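For reference, the structure discussed in these notes is given below.
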Amino acid sequence: MFYWAAIIIILCAMLVLYRAIKGPIICDRVLAINAIGTKAVILIALSGYIFERPHFLDIALTYALINFIATIAFQKYREMGRLD
Amino acid sequence: MDHSSIAIIIVGILLFLGCFLIFVASVGIVRFPDFYSRLHPAGKTDSMGQAMILVSLMIYEGFTLATIKLIIIVLFIFIVNPTATHALANAAHAGGVVPWRKGEKKR
Amino acid sequence: MSFILTSIVMFVFWMLISGETGVIFIISAIVASLFVSFISHDLLFPNKNTTLSLKRLLRLLKYSPWLVWQIVLANLDLIYRTLHPSLPIEPHMIEIETDLKSDTGITILANSITLTPGTVTVQARKDGSFLVHAIAHGPANGLLKGTMQAKIKAIEGDEA
Amino acid sequence: MSEHIVIKRVSNFIIPFIQLFSLYVIAHGDISPGGGFQGGVIFGASIILYVIAFGMKDGRTRISEILTDFMNSIGVLLFAGIGLACVIMGGAYLEYTKLAGSAGEGHGSHAEHALHLAGHLGIYGIEIGIGIVVASVMITIFFETANTQDDD
């Protein structure tokens, strides 16, 4: 059951990858990468249950966090042209 | 029908709904005409689908420490995902991206 | 005050994610929560009046079921708009004015706008005015009527 | 322009939780995925998020240049010190079980317990040292790379 859900989510991530490749402006690409990141969080959580190692949830939490920081950094750089 | 098989059915339904919502979000990101309208599926449907799948994992797990960790992840997602969406919208607005009007060509 | 509260919150958070009860783990939990509240106790509760923050937290808990219902409605709306063959959307920008004063109130309203049907916050300004991108005319009307602003004003309270 | 109230407030709210989570990852390095390196990276990321949201000046008042240099040295000293302590106690470099000293000799359950505890505490100290080094190096690299844009 979790196995099939993981496969569906991978297919959805490939669908979003189209937008990341085509995306007319840079914001579109970052949006698509952000969406792929949220899918990766679920994939990590699901694979923790597929392989019966619930410790994977720590990694899912960390990944969600890094994804957020990347988006905030992009926003800052886009507006100010610098990171600090 | 015993208790555990009912739980498994609920897990399956929630898992299906979550996958469906994520699929809708992906279709929306590909199909909508401009950047601002693509933010809507990325901000709302994606976080809801994520939450659905994580809730189904919670029910599968029963009440253990992993459940609490899953609840923390869901709360984190609902705080962080709208903020990321807002940050992207703000970046596009600062960069002078204009919204698509009905009747224009898709971008 | 904020130092003690932050260390209590951090200790509870550690115990929830860890669940280990060995002596070494308890000691490191206490040391870690004290350390974190030492370097960032002014971040979690920036308000000087901490009891007011706690009161707001309780009001926020009362608000959340309504928000969850709005999120469900938003998803149904988006499923309809995405899967409809002719893509029934009319994007436009709207400006709304609120009388929210505190940063927390503005943040909660901005994230609620993003999660509720048909709207995404583009800009949130210090004076409480918002620039919002709406995907169609129908769902955005709820925001213009101002039910959500009133609810969040109630969370913020008059004390701010 | 806009003042980024939402980003600042949300960063404010989650940074303490991120920092605590990084310490949790360091402390549970030997029984779950993660460890010193990963925890240090998460801690560094929390400081980087603070600097991105609030600017360089606020970040430097919160964590000064002297402090990162100091942390850098302390971490390496902790790592090397534990390793050398093992050598002084008569073992190889980083042979933790020698840290138990005379309590670890013999064959009883008491000695076994002491050996186990020494191994655990040794790994624990090493993880903390690596975490401190990685966090301070990440913060230093970020500050330096962000700063170079000032010059031109």
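Is there a residue in the range B:67-78 that is open to solvent by less than 10 Å² (accessible area, probe 1.4 Å), facing chain C (nearest Cβ under 7 Å) and at negative phi?
The answer is no; no qualifying residue exists.
What do you reckon, is B:Pro41 in contact (Cβ under 8 Å) with a residue 24 or more places away in the chain and at the interface with chain C (Cβ under 10 Å from one of its Cβ atoms)?
Here the answer is no, as B:Pro41 does not meet what is asked.
Look at C:Glu20 and say whether it is outside any helix (DSSP H, G or I), surrounded by 16 or more Cβ atoms within 10 Å (Cβ to Cβ) and more than 7 Å from every other protein chain (Cβ to nearest Cβ).
yes
List the residue pairs whose Cβ atoms are under 6 Å apart, where the first residue sits in the range C:64-91 and is part of a helix (DSSP H, G or I) and of a type in the set (Asp, Glu), the second is buried (at least 17 other Cβ atoms within 10 Å of the Cβ) and modelled with pLDDT under 90, and the two are 6 or more positions apart or on different chains.
C:Asp77/C:Pro117; C:Asp77/C:Pro139
It is to be established whether one or more residues within the range C:107-124 are more than 17 Å from the chain's Cα centre (by Cα), over 19 Å from B:Ser37 (Cβ atoms) and open to solvent by 10 Å² or more (accessible area, probe 1.4 Å). Spell out the reasoning first.
The first filter runs over the range C:107-124 and keeps only residues more than 17 Å from the chain's Cα centre (by Cα), leaving C:118.
Okay, now just the ones that are also over 19 Å from B:Ser37 (Cβ atoms), so none.
Within the range C:107-124 (the criterion being more than 17 Å from the chain's Cα centre (by Cα), over 19 Å from B:Ser37 (Cβ atoms) and open to solvent by 10 Å² or more (accessible area, probe 1.4 Å)), the answer is no, since none of the residues qualifies.
Condition check ((1) crowded, with 17+ Cβ neighbours inside 10 Å; (2) under 30 Å from D:Val10 (Cα atoms); (3) under 17 Å from the mean Cα position of the chain (by Cα); (4) touching a residue at least 12 places away in the same chain (Cβ under 8 Å)) across all residues:
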residue: D:Asp58; (1), (2), (3), (4): no, yes, no, no
residue: D:Met71; (1), (2), (3), (4): yes, yes, yes, yes
residue: D:Gly75; (1), (2), (3), (4): yes, no, yes, yes
residue: D:Val87; (1), (2), (3), (4): no, no, no, no
residue: D:Tyr96; (1), (2), (3), (4): yes, no, no, yes
residue: D:Ser109; (1), (2), (3), (4): no, no, no, no
residue: D:Glu112; (1), (2), (3), (4): no, no, no, no
residue: D:His116; (1), (2), (3), (4): no, no, no, no
residue: D:Leu121; (1), (2), (3), (4): no, no, yes, yes
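Looking at B:Val30, B:Val24, B:Val98, which is the one that is out of contact with any strand residue (DSSP E or B) (no Cβ under 9 Å at 6 or more places or on another chain), within 11 Å of chain C (Cβ to nearest Cβ) and outside any helix (DSSP H, G or I)?
Step by step, each of B:Val30, B:Val24, B:Val98 is checked, and only B:Val98 is out of contact with any strand residue (DSSP E or B) (no Cβ under 9 Å at 6 or more places or on another chain), within 11 Å of chain C (Cβ to nearest Cβ) and outside any helix (DSSP H, G or I).
Just one of the numbered conditions (1) modelled with pLDDT under 90; (2) more than 11 Å from the chain's Cα centre (by Cα); (3) in a helix (DSSP H, G or I) is not true of A:Ile66; which one?
Single failed check for A:Ile66: (2).
Within the range C:94-136, which residues are assigned to a helix (DSSP H, G or I), touching a strand residue (DSSP E or B) at 6+ places or on another chain (Cβ under 8 Å) and touching a residue at least 40 places away in the same chain (Cβ under 8 Å)?
C:Leu109
With the checklist (1) in contact with a helix residue (DSSP H, G or I) (Cβ under 9 Å, 6 or more places away or on another chain); (2) more than 25 Å from A:Thr62 (Cα to Cα) in hand, flag the one item D:Gly34 doesn't pass.
Among (1) in contact with a helix residue (DSSP H, G or I) (Cβ under 9 Å, 6 or more places away or on another chain); (2) more than 25 Å from A:Thr62 (Cα to Cα), D:Gly34 violates only (2).
The values are calculated or read from the model by the stated rules, or taken from the named source; none is laboratory data. Here the structure is a predicted model, which means the values were calculated and not measured. Positions of Cβ are generated from backbone atoms using ideal geometry, with glycine treated the same way; all protein chains shown enter the neighbour counts. Side chains included, ligands, DNA and RNA excluded: accessible areas come from the protein's heavy atoms. Shrake-Rupley method; radii C 1.70, N 1.55, O 1.52, S 1.80 Å.
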